[in-house]
Structures are given as C-alpha cells and as structure tokens.
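Worksheet: one structure, shown below.
The values are calculated or read from the model by the stated rules, or taken from the named source; none is laboratory data. Everything numeric here is computed off the predicted structure, so don't read it as measured data. Using ideal geometry, Cβ is built from the backbone for each residue, glycine included, and neighbour counts are taken over all protein chains shown.
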Amino acid sequence: MAAPEQTPAQYVPIGGDREISDRIEAYLAKRDGVDKLLKISRYASKIIIASSLFESQPLNSKLKSFESSVGVTRKALRLGKFLQSFNALKKSSELKSKRDFMASIASGGEGLYYFVEQFVWLSKAGLIDGKHSSRFSKIGAWCEFVGYVGSISVKWMDLSEIGEEKERLRSESDENVRELKMMELEEKEMMKRLSIVQDWADWLMAFADVRDGKGPLTSPLLLSSAGLLSALISAHKIWVSCKA
C-alpha cells in the first residue's frame, strides 16, 4: 500500500524577519529615505576619491562619474520638495516668539534652497543652459547657509525646553511615570542632539559652497566626511521613524 501523501510543511516567517522587511519597505517608500541612501553612497565615494585609497586612475574616474550621477539623481528626486518647507513657513508666519522667527528663517532658507536646486538640476540635465548652473548653485548655497543658522538655533531652543521638562519631571511623585517619561525625554534629547550635529555638518558644506571651496575648512576629505556623517544621522532618524 502506498504511503499516505504528506502535506508539505508551510513556511512560517519569523516575526523579526517580517518586521525588518516591512520596515525596510517603509523606509524605501519615503522619498527622504531613498535620498539619504543616495547621499551615503555619494559621500562615501567622495571620501574614497579624496583620501586616495585607490591609486587606480580608471577606478577613480568611475567613482567620480558615479558620484556626479548620484548628485544629479538626488536633485531630481527632490523635485517639488520646496513646498514642504513653504508650508512649514506658513505655519510659523505669526512670529509670536524668537523661536517662531528662527523657525521662519530655517523654513524659508530651506524652501528657497530646494526651489533653486530645481533649476540647478534642469541646467545639469541640459534643459537650461549649463552656464547658469554655477550661479544657481551659489544662490542655493547662500539660502541653505542661512537656513541652517535658523535650524540650529531652533534646535538649541528645543534642547533647552527638554532640559526644563526633565527638571519639572523630577518632582513627579509616581516613580513609574517619572521613569517612563524620563526615558522618552532622554530619547528625544538624543535625537535632537543628533539633528544639531547633522545641521552643523551640512552648514559646514554650505559654508564651503558660498566661498567656492576656498579658505579654511574646505578640505575635500573634511567636507566629504561631514556629508557622510550628515547622511548617516539622517538615515538613522528616518529608520527610527519607520515602525514595522
């Protein structure tokens, strides 16, 4: 008699694997998520080029071509992103406090930067005469430079508020509530500090751009490292925000 047919065992995915795949999907679904991965690859390439890790000229040429292509791709990916900043600017237009004023500078500078970047992309893509590219880039760099001054100022104010919240929380009588809220505030504080580091790194690159790469703090290796640091922090923040 033939042996009874056995039903193939069904594959049951491990919960952790499913969660990580869902989280990756959520990350890649975000425009900023893809942008930061491109930014990481671009500045990693720039670091290799600047540090002369490989003496092979063909390889360096390929890396330069790759880095340049990724840069243009990032500009295309951010098409229309200026609207996000301008919408934030409208919300802080009342200027009731110093924080509102600095937030307006941050949003306005960022919005103008992304708006001008669209013309940089069009010039690099060949739709606009390439001779205008450097002029657009310079205008965008100044907008970005001013925007980061506002952004850093706002985040320092936020850090101060978090510190005040932590002080007030010490008087909480319920120990469990106090510990839970303290953990939340400490995590929030850490992310805010990372954001400040990221802004300083981006500000450094904008500072170099407005000076056309001349003067102190314009070493290609230094700027590439700052770009990679900024990209890694931003990618981490987006990853944390992606709940599986």
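Do the conditions hold for residue 208, that is, is it buried (at least 18 other Cβ atoms within 10 Å of the Cβ) and over 27 Å from residue 28 (Cβ atoms)?
Values: buried (at least 18 other Cβ atoms within 10 Å of the Cβ): yes; over 27 Å from residue 28 (Cβ atoms): yes.
It is true that residue 208 is buried (at least 18 other Cβ atoms within 10 Å of the Cβ) and over 27 Å from residue 28 (Cβ atoms).
hydroxyl-bearing (Ser, Thr, Tyr), over 14 Å from residue 117 (Cα atoms) and assigned to a helix (DSSP H, G or I): is that true of residue 85 in this structure?
Details: hydroxyl-bearing (Ser, Thr, Tyr): yes; over 14 Å from residue 117 (Cα atoms): no; assigned to a helix (DSSP H, G or I): yes.
Considered against the rule, which asks whether it is hydroxyl-bearing (Ser, Thr, Tyr), over 14 Å from residue 117 (Cα atoms) and assigned to a helix (DSSP H, G or I), residue 85 comes out as no.
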Q. Is it true that some residue in the range 138-151 is out of contact with any Phe, Trp or Tyr (no Cβ under 6 Å at 6 or more places or on another chain), outside any helix (DSSP H, G or I) and surrounded by 15 or more Cβ atoms within 10 Å (Cβ to Cβ)?
A. no
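Across the range 224-244, which residue is surrounded by the most Cβ atoms within 10 Å (Cβ to Cβ) among those that are touching a residue at least 60 places away in the same chain (Cβ under 8 Å) and not small (Gly, Ala, Ser)? Write out each step before concluding.
In the first step, residues of the range 224-244 are kept if they are touching a residue at least 60 places away in the same chain (Cβ under 8 Å); the result is 224-225, 227-228, 230-232, 234-235, 238-239, 242-244.
Narrowing the set further to residues that are not small (Gly, Ala, Ser) leaves 228, 232, 238-239, 242-243.
Values: 228: 20, 232: 18, 238: 18, 239: 15, 242: 16, 243: 8.
Once the filter is applied, the top-ranked residue is 228.
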Q: Kindly provide the set of residues from the range 121-132 that are under 18 Å from residue 77 (Cβ atoms), part of a helix (DSSP H, G or I) and not aromatic (Phe, Trp, Tyr), ordered by number.
A: 122, 123, 124, 125
Q) Among the residues of the range 170-191, how many are closer than 15 Å to residue 237 by Cα and of a type outside the set (Asp, Glu)? A) 3
Q: Among residues belonging to the range 187-203 that are within 11 Å of the chain's Cα centre (by Cα) and not aliphatic (A, V, I, L, M), point out the one that is surrounded by the fewest Cβ atoms within 10 Å (Cβ to Cβ).
A: 195
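Among the residues in the range 55-71, are any closer than 24 Å to residue 106 by Cα and either among the hydroxyl-bearing types (Ser, Thr, Tyr) or without any contact (Cβ under 8 Å) to a residue 60 or more places away in the chain (or both)?
Narrowing the range 55-71 to residues closer than 24 Å to residue 106 by Cα: 71.
Restricting the remaining residues to those that are either among the hydroxyl-bearing types (Ser, Thr, Tyr) or without any contact (Cβ under 8 Å) to a residue 60 or more places away in the chain (or both) gives 71.
Yes, that holds for at least one residue.
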Q | Residue check for residue 139: free of Cβ contacts under 8 Å to residues at least 12 places away in the same chain, β-branched (Val, Ile, Thr) and either within 25 Å of residue 77 (Cα to Cα) or in the same structural domain as residue 234 (by TED's automatic domain parsing) (or both) | A | no
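Only one of 237, 181, 155 is in a helix (DSSP H, G or I), assigned by TED's automatic domain parsing to the domain that holds residue 112 and under 30 Å from residue 104 (Cβ atoms); which? Full working, then the answer.
Working: 237 fails: assigned by TED's automatic domain parsing to the domain that holds residue 112; 181 fails: under 30 Å from residue 104 (Cβ atoms).
None of the other options fit; the residue is 155.
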Q. Of all residues in the range 76-94, how many are at pLDDT below 85, crowded, with 18+ Cβ neighbours inside 10 Å and among the charged types (D, E, K, R)?
A. 0
(Q) Quick check on my filter: what residues within the range 114-137 are surrounded by 14 or more Cβ atoms within 10 Å (Cβ to Cβ) and not small (Gly, Ala, Ser)? (A) 114, 115, 116, 117, 118, 119, 120, 121, 122, 124, 128, 136
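Could you tell me whether residue 51 is surrounded by fewer than 16 Cβ atoms within 10 Å (Cβ to Cβ), among the small types (Gly, Ala, Ser) and not assigned by TED's automatic domain parsing to the domain that holds residue 122?
Numbers: surrounded by fewer than 16 Cβ atoms within 10 Å (Cβ to Cβ): yes; among the small types (Gly, Ala, Ser): yes; not assigned by TED's automatic domain parsing to the domain that holds residue 122: yes.
When the stated conditions are applied, residue 51 passes them.
Kindly indicate whether any position in the range 95-102 is in a helix (DSSP H, G or I), loosely packed, with under 13 Cβ neighbours inside 10 Å and touching a helix residue (DSSP H, G or I) at 6+ places or on another chain (Cβ under 9 Å). Give the steps one after another, and end with the answer.
Residues of the range 95-102 that are in a helix (DSSP H, G or I), as a first pass: 98-102.
Okay, now just the ones that are also loosely packed, with under 13 Cβ neighbours inside 10 Å, so 98.
From what's left, touching a helix residue (DSSP H, G or I) at 6+ places or on another chain (Cβ under 9 Å): 98.
Yes, that holds for at least one residue.
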Q) Given the conditions (1) surrounded by fewer than 18 Cβ atoms within 10 Å (Cβ to Cβ); (2) touching a Ser or Thr at 6+ places or on another chain (Cβ under 8 Å); (3) aliphatic (A, V, I, L, M), which single one is not true for residue 37? A) (2)
